[in-house]
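The values are calculated or read from the model by the stated rules, or taken from the named source; none is laboratory data. Note that the structure is predicted; figures quoted are calculated from it, not measured. All Cβ positions, glycine included, derive from the backbone under ideal geometry; neighbour counts span all protein chains shown.
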Amino acid sequence: MSVRKGLMIFFISILGAFLFTACQDSQANNNHEGDLEKSNSEETPTISMMAKLHTPEVPDTKIREIVEEKTNVTLDIEWVPNNNYNEKLNTAFATGTLPQVVSIGSEQLDQFREAIRDEQFWEVGPYLGDYEHLSKLKDPIIENSMIDGKVYSLYQGRPLSRMGIVYRKDWADQLGLEAPTTTDEVFEMARAFTEDDPNQSGKDDTVGIADGDGLYWGAFKLIASWFGTPNNWGEQDGELLPEFMFPEYLEAMNYMKDLRDNGYINQDFPITSKEDEATMIKNGTAGMRIGGIADVVSLYNDAKEINPDIEYDVHNYIEGPQGEYGTWAIPGYGSLLLFPKSAVETEAELKEILEFYDQMMTPEIANLFYWGVEDEHYTVKNDQAIITDDQAKFDREVKPYLSLEIGEPETNGRYEGFHDYEPHAKAQELFKDNEDYLIHDPSINLESETFSEQGDRLQEIINDATTNYILGELDEGDFYNEIEKWKKQGGEDIIAEYNESWQAQNK
């Protein structure tokens, strides 16, 4: 073999080895890039959200980290003090910096209505049936949050009615009275608590009913329900009309007026605060409250420091003149979760988020967010949760996360709280019983531009007229004149717009 031929064979061999190595390196690099792509695709998804903070400090990360591990997500939670939440939300919306999950209240739904219609938020209704747990959310509550018949949100559940009466059981026993079951019996209890010396002091030092916190959350709204008044709006002869245009509203005003004229209710109820109303109940001045009953335990805990022998009870079923019981209902949610398309850019991302919330509605995760870690933050008795003695630890590590709950115990399976004070436990059962007697507001999903712009101002006309009628400063004719004033200043437009919206929904 010549030297030249030998050198040629040598260089060909070197070239072949080089090409083989390069090929192998290229294949290895391709495989590595494939592994990276696979790794990236399996990265833990990050879900960003703004959450209302109802405590002085942001929570410890303990619960979040446990939930992240169990759900295989990373939670990017911006905690915003409740008092600043609306301002922060509006700023984020205006600047296009909303997170992937946006929490709003019922009062903010109108604010986002046009943006929702403009398809700036994902419609989630078509997806809910694909998830085992999200599909359990209650249809009536979902319907209360719809826009144009479509579902754009998940909800945080609330009892539809926490209404009833709290009364002094020891006074009732002293006077031989049972829990009232009719409006006449409520009136009689109010009279007896005022006139028959229920505390045996020998003095004229008690009043039957303590009332405050305005017409809506005070006694009047519930009394109106007992009389069969619609909840804000009602149907009459195929038309929706505001509640104050129904005869039952006038009957309720007359009942309340009779209570005040006879001195069976605090005379200054229109300007009495909720705190002052509670003080009257706790210090033994008044014997009954008509309205919310959820805080009977806090009333008792304070009152027993003044009078260790004090006894309260709660009751809900009060028949009106027509022999029926009704109680006005809220929409059934504390907050709604929306998913802006500016932050959730693809359907795949939306499904990842919905998958996380589906896991949140399992008992395990729901209990973690609501109660914390069993035997560390709470214990279980009779299949109910009891917070441990270390309340500060619970407040620091768990309490802020309560605002992230989705659904309610009936749908997410979390423990309800154990209540060792019997009237408090009874109140929880009465919330459930009230669901059989609810008076819903048919205007919840309706829209009226006039109402959005002028509703609050116009409602003040009716609130003032109602209050002044009860105080005896207006007669029936004067009250109807105020309704005419309401109609002329925009009320007629609200009626027309609500009915147009109502008819469109019911086609």
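Which residue out of 297, 314 is surrounded by fewer than 21 Cβ atoms within 10 Å (Cβ to Cβ) and either more than 30 Å from residue 230 (Cβ to Cβ) or not acidic (Asp, Glu) (or both)? Spell out the reasoning first.
Working: 314 fails: surrounded by fewer than 21 Cβ atoms within 10 Å (Cβ to Cβ).
Within the list 297, 314, the selection yields 297.
What is the one condition in (1) modelled with pLDDT of 95 or more; (2) touching a helix residue (DSSP H, G or I) at 6+ places or on another chain (Cβ under 8 Å); (3) assigned to a helix (DSSP H, G or I) that residue 433 does not satisfy?
The failed condition is (2).
Just the residues that are at pLDDT 95 or above and small (Gly, Ala, Ser), please, taken from the range 115-142.
If the condition is that a residue be at pLDDT 95 or above and small (Gly, Ala, Ser), then 125, 129, 135 are the ones that fit.
Would you check which residues across the range 50-62 are under 23 Å from the mean Cα position of the chain (by Cα) and within 22 Å of residue 356 (Cβ to Cβ) and list them? Steps first, answer last, please.
Going through the range 50-62, the residues under 23 Å from the mean Cα position of the chain (by Cα) turn out to be 50-59.
Within the range 50-62, 50, 51, 52, 53, 58, 59 qualify.
In the range 163-206, which residues are in a helix (DSSP H, G or I) and touching a strand residue (DSSP E or B) at 6+ places or on another chain (Cβ under 6 Å)?
Going through the range 163-206, the residues in a helix (DSSP H, G or I) turn out to be 169-175, 183-195.
Result: 169, 171, 190, 193, 194.
Between 223, 293, 265, which is assigned by TED's automatic domain parsing to the domain that holds residue 189, touching a residue at least 12 places away in the same chain (Cβ under 8 Å) and more than 18 Å from residue 466 (Cα to Cα)? Outline the logic, then answer.
Working: 223 fails: more than 18 Å from residue 466 (Cα to Cα); 265 fails: more than 18 Å from residue 466 (Cα to Cα).
Only one candidate passes the filter, namely 293.
How many residues, within the range 208-240, are surrounded by 21 or more Cβ atoms within 10 Å (Cβ to Cβ) and assigned to a loop (DSSP other than H, G, I, E, B)?
Of the residues in that region, 7 qualify.
What are the residues in the range 62-83 that are among the β-branched types (Val, Ile, Thr) and under 23 Å from residue 393 (Cβ atoms), if any? Steps first, answer last, please.
Here is the first cut: in the range 62-83, the ones among the β-branched types (Val, Ile, Thr) are 63, 66-67, 71, 73-74, 77, 80.
Once the filter is applied, which keeps residues that are among the β-branched types (Val, Ile, Thr) and under 23 Å from residue 393 (Cβ atoms), the range 62-83 yields 63, 66, 67, 77.
Does at least one position in the range 260-267 carry a residue that is basic (Lys, Arg) and in a helix (DSSP H, G or I)? Don't jump to the end; show me each part of the working.
Going residue by residue through the range 260-267, those that are basic (Lys, Arg) are 260.
Those left that are additionally in a helix (DSSP H, G or I): 260.
Yes, there is a match, as at least one residue in the range 260-267 is basic (Lys, Arg) and in a helix (DSSP H, G or I).
Please determine, by comparing only the residues of the range 417-458 that are within 30 Å of residue 297 (Cβ to Cβ), in contact (Cβ under 8 Å) with a residue 40 or more places away in the chain and among the aromatic types (Phe, Trp, Tyr), which one is surrounded by the most Cβ atoms within 10 Å (Cβ to Cβ).
431
What residue, of 196, 258, 213, is under 19 Å from residue 167 (Cα atoms), touching a residue at least 40 places away in the same chain (Cβ under 8 Å) and not small (Gly, Ala, Ser)?
Numbers: 196 fails: touching a residue at least 40 places away in the same chain (Cβ under 8 Å); 258 fails: under 19 Å from residue 167 (Cα atoms).
Exactly one residue qualifies, and that residue is 213.
Restricting attention to the range 116-129, report how many residues are exposed (fewer than 15 other Cβ atoms within 10 Å of the Cβ) and either part of a loop (DSSP other than H, G, I, E, B) or among the hydrophobic types (A, V, I, L, M, F, W, C) (or both). Outline the logic, then answer.
So the first thing to find is which residues in the range 116-129 are exposed (fewer than 15 other Cβ atoms within 10 Å of the Cβ), and the list is 117-119, 125-126, 129.
From the residues that got through so far, the ones that are either part of a loop (DSSP other than H, G, I, E, B) or among the hydrophobic types (A, V, I, L, M, F, W, C) (or both) too are 118-119, 129.
Count: 3.
Mind checking which residues of the range 291-340 are more than 30 Å from residue 199 (Cα to Cα), in contact with a Phe, Trp or Tyr (Cβ under 6 Å, 6 or more places away or on another chain) and not β-branched (Val, Ile, Thr)?
325, 326, 333, 336, 338, 339, 340
If we keep just the residues of the range 143-157 that are in a loop (DSSP other than H, G, I, E, B) and modelled with pLDDT under 95, which is surrounded by the fewest Cβ atoms within 10 Å (Cβ to Cβ)?
First, pick out the residues of the range 143-157 that are in a loop (DSSP other than H, G, I, E, B): 145-146, 148-149, 151-153.
Imposing the further condition that a residue be modelled with pLDDT under 95 reduces the set to 145-146, 148-149.
Numbers: 145: 21, 146: 15, 148: 13, 149: 10.
Going through the qualifying residues, I end up with 149.
Would the range 395-402 turn up any residue that is touching a strand residue (DSSP E or B) at 6+ places or on another chain (Cβ under 6 Å), β-branched (Val, Ile, Thr) and at pLDDT 95 or above?
No, the range 395-402 has no match at all.
Is it the case, given these coordinates, that residue 351 is under 22 Å from residue 69 (Cβ atoms) and among the basic types (Lys, Arg)? Step through it out loud before you land on a result.
Values: under 22 Å from residue 69 (Cβ atoms): yes; among the basic types (Lys, Arg): yes.
So residue 351 fits the description; yes.
Within the range 471-507, how many residues are within 17 Å of residue 255 (Cα to Cα), touching an Asp or Glu at 6+ places or on another chain (Cβ under 9 Å) and in a helix (DSSP H, G or I)? I'd like the intermediate steps shown before the answer.
Filtering the range 471-507 for residues within 17 Å of residue 255 (Cα to Cα) gives 471-476, 479.
Applying the additional criterion that residues be touching an Asp or Glu at 6+ places or on another chain (Cβ under 9 Å) yields 472, 474.
So of that shortlist, the ones also in a helix (DSSP H, G or I) come out as none.
Selection size over the range 471-507: 0.
Name the residue that is surrounded by the fewest Cβ atoms within 10 Å (Cβ to Cβ), counting only residues in the range 340-368 that are of a type in the set (Val, Ile, Thr) and touching a residue at least 60 places away in the same chain (Cβ under 8 Å).
At the first step, the residues of the range 340-368 found to be of a type in the set (Val, Ile, Thr) are 344, 346, 353, 362, 365.
Within this subset, residues satisfying the condition of being touching a residue at least 60 places away in the same chain (Cβ under 8 Å) are 344, 353, 362, 365.
Working: 344: 23, 353: 23, 362: 17, 365: 24.
Applying the filter and picking the extreme gives 362.
Return a yes/no flag: does the range 296-304 have any residue that is part of a helix (DSSP H, G or I) and under 9 Å from residue 166 (Cβ atoms).
The initial filter retains those residues of the range 296-304 that are part of a helix (DSSP H, G or I), namely 296-304.
Then keep just the ones that are under 9 Å from residue 166 (Cβ atoms); that gives 296, 299.
Among the residues of the range 296-304, at least one is part of a helix (DSSP H, G or I) and under 9 Å from residue 166 (Cβ atoms), which makes the answer yes.
When the residues of the range 479-507 are filtered to those that are among the aliphatic types (A, V, I, L, M), within 30 Å of residue 146 (Cβ to Cβ) and in contact with a helix residue (DSSP H, G or I) (Cβ under 8 Å, 6 or more places away or on another chain), which remaining residue is surrounded by the fewest Cβ atoms within 10 Å (Cβ to Cβ)?
Per the criteria, the residue is 495.
Going residue by residue through the range 370-386, is there one that turns out to be over 30 Å from residue 123 (Cβ atoms), among the basic types (Lys, Arg) and either touching a residue at least 60 places away in the same chain (Cβ under 8 Å) or surrounded by fewer than 16 Cβ atoms within 10 Å (Cβ to Cβ) (or both)?
Yes, the conditions are met somewhere in the range 370-386.
Criterion first (closer than 24 Å to residue 268 by Cα and surrounded by fewer than 19 Cβ atoms within 10 Å (Cβ to Cβ)) does residue 476 satisfy it?
Here the answer is yes, as residue 476 does meet what is asked.
If you go through the range 387-405, how many residues are buried (at least 18 other Cβ atoms within 10 Å of the Cβ), β-branched (Val, Ile, Thr) and assigned to a loop (DSSP other than H, G, I, E, B)?
Counting residues in the range 387-405 that are buried (at least 18 other Cβ atoms within 10 Å of the Cβ), β-branched (Val, Ile, Thr) and assigned to a loop (DSSP other than H, G, I, E, B) gives 1.
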